[in-house]
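Derivation of every value follows stated rules applied to the coordinates shown; laboratory data play no part. The structure displayed is predicted, hence computed values, not measured ones. We place every Cβ from the backbone using ideal geometry, glycine too, and count neighbours over all the protein chains shown.
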Amino acid sequence: MTEGQDANLQCEVSGNPEPDVRWTKDGDAVNRTDQNKSVSFTGNTSSLILISVIQADQGLYRCVANNSANTTTSYPGSLAVHC
């Protein structure tokens, strides 16, 4: 991905009770209050949108779904940012 483009990472999530979904980058929670990051949940799909990516956005992203029954973490997705 080229610096300045938007990235849309998605994962499919389901569970009963409905899970709480969060995203991590390189093992740390993604800051949902960061203005260039947006998290949404539609149907069974959670999306993390990175607006105008920069080099610092490069890394391994995972989707973490948690409910009272279980916590499940997705396989990592790698985001590479080129100047």
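Things to note:
- Placing a label point 7 Å from the Cα of N16 along the Cα-to-Cβ line, the residues of the range 35-55 whose backbone N sits under 18 Å from it are 43-45.
- Virtual spin-label span in nm between V39 and N8, 7 Å along Cα→Cβ: 1.9
- Efficiency of FRET from Cβ geometry, T72 and M1, R₀ 22 Å, rounded to 0.05: 0.25
- Taken over the chain, the alpha-carbon convex hull comes to 85 cubic angstrom per residue.
- Remark: the chain carries a charge dipole of roughly 80 debye about the Cα centre, counting +1 on each Lys and Arg Cβ and -1 on each Asp and Glu Cβ.
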